[in-house]
């Protein structure tokens, strides 16, 4: 069964001399249960594509049929009337987590129910005991149960991102779209976030589309990679085939951006641990617990 | 050899050292003259102040010691004044919130609604509370109901604006996140926008309670309930000792409310 179907999607930004096609007659299909990486250098259209999939951005008039599980998201540059019913089935994870920093973690997860409960309950923030238990379970699954009552702002980036995944969990999302979920995280936190996304895909059969800046994560976690360059799909196939040579042929000198491991703390270095490193590990017991 | 023009020319003075142009010089002159005439027309004079000094000292003399005989009736009246302030502020805050949602650019349902609700809030704010009190005294008669309504309207004018601005300043990303997972508009407002603006809501509400406490005292002067009328009667009857008791008790009330509000603000936010 097809999870996401995109046909002939074109998006132009700017006007006059500054016109630039961010997406150019792009077509793509993702099958149910797949875990697909979306790679490409900055400005290649990864985020724009993901925003189209959820209807946050509309395609140019007359282009772009997008549906998720046969439910229309947008067609011909117009948003579907029943967009909310579609969105309820899609979990979204953003680069900057987008949690409400003043609210406790549990509430930030509970809002995942907002799309499926009556408006008046959402308005008053009335969640049932059952819903709270489900939210706690979701937090437990991403290893954050003990932080449930803490404000989101008191947690590290990696923890906040895992809470965003827990929000998608309570939503019973059939598709998770993750827009550069690890771009602002350190390698350890990145690995944990990718592990959780991968577990959701394997254990729950959730379809996952994740845009990534670094090819090595795509190779490690996603069987299939779609590579974008200037709004066009330049490669769509097994991630294992993404050799540096292939990338070089796809992106030219831009391929460095995708390959250079951006890792300030390389775990391979066999030097005695500095005090700061030990301190960092001690401060984040939750990371170690997962 | 002639000195080249580039060397001989003096560097230009910065703008603010240049002489004012004729129109702006005239404008300064007119503004200054108007200020002078205003002071002249207010009838202030050192002579009158000096002549008036004995009557001020006589009044101060009669004010002390304050007459505590009527303290319990003053106390009740003061309580009524404060209740007017509290009732008006609470009603005002409750009514401000929906109006502020319509008047916040980022969440207002429609530009026309935005402009209309902004306009209504501005109108409530720009008309002074004493004028509202006069209107409501005519509408519902003398007594605290009129004062409470005047404070309610005044609070809407104040809180409506600051609530709306607090919501406009919130981070849009969490709201977008809820939007993208199918939350309704109200769900998004109540789960992402309001929680972010909440500390600011508390702050504005406490300020408006302080403001309402002060104005509730004055509103009594036009018969809108509260202690103001007692003060006016005491002054009119030259009972300065009673008046001083009222003034001191009002002072105490305002002081307590302001300190309590400062304390709460530091506690909550």
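Computed values, structure above
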quantity	calculated
Gaussian network model of chain B, springs between alpha carbon atoms under 10 Å - residue of B:167, B:84, B:235 with greatest fluctuation	B:235
Average partner coverage of A:99-105, which counts Cβ from other chains inside 10 Å	5
Rel. contact order, % - alpha carbon contacts under 8 angstrom, at least six apart, segment A:96-173	50 percent
Using distinct alpha-carbon pairs, which all enter the 1/r mean, Kirkwood radius of segment A:96-173 in Å	12.1 Å
Per-selection Kirkwood Rh - the protein assembly as shown (Cα, Å, 1 d.p.)	29.2 Å
The protein assembly as shown - mean residue ellipticity at 222 nm from DSSP helices (-39,500 (n - 2.57) per run, n ≥ 4, rounded to 500)	-17500 deg cm²/dmol
Residue exposure sequence - B:95, A:250 - by fewest surrounding Cβ within 10 Å	B:95, A:250
Inter-chain shielding of B:187-196 (mean C-beta neighbours from other protein chains, 10 Å cut-off)	6
Within segment B:85-111: backbone nitrogen closer than 11 Å to the residue A:79 label point (7 Å, Cα to C-beta)	none
Ranked list, fewest to most other Cβ atoms within 10 Å of each Cβ, for A:66, A:219	A:219, A:66
Ranking of B:39, B:202 by count of other Cβ atoms within 10 Å, fewest first	B:39, B:202
Over chain A, relative contact order from alpha-carbon pairs under 8 Å, at least 6 apart, %	23 percent
Computed label-point distance, nm, for sites residue B:28 and residue A:256 using a 7 Å Cα→Cβ extension	6.0 nm
Residue A:137/residue B:256 FRET efficiency (R0 51 Å; Cβ-Cβ; nearest 0.05)	0.55
Chain B: relative contact order in percent, alpha carbon pairs under 8 Å with at least 6 residues between	25 percent
P(r) of segment B:72-268 over all Cα-Cα pairs, binned every 5 Å from zero, in whole percent	1, 8, 14, 16, 16, 13, 10, 8, 5, 4, 2, 1, 0, 0, 0
Shape metrics for segment A:111-218, restricted to C-alpha atoms - Rg then Dmax, Å	14.4, 46
Relative counts (whole %) of C-alpha pair distances in segment B:92-190, using bins that are 10 Å wide	17, 38, 26, 13, 6, 0
Simple spin-label estimate for residue B:173 and residue B:232 in nanometres, 7 Å along Cα-Cβ	5.6 nm
Segment B:179-235 versus segment B:49-115: alpha-carbon centroid distance in Å	11 Å
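Quick note: the coordinates plus some simple rules give every number you see, no bench work behind them. Treat the numbers as computed from the prediction; the structure is a model and nothing was measured. We place every Cβ from the backbone using ideal geometry, glycine too, and count neighbours over all the protein chains shown.
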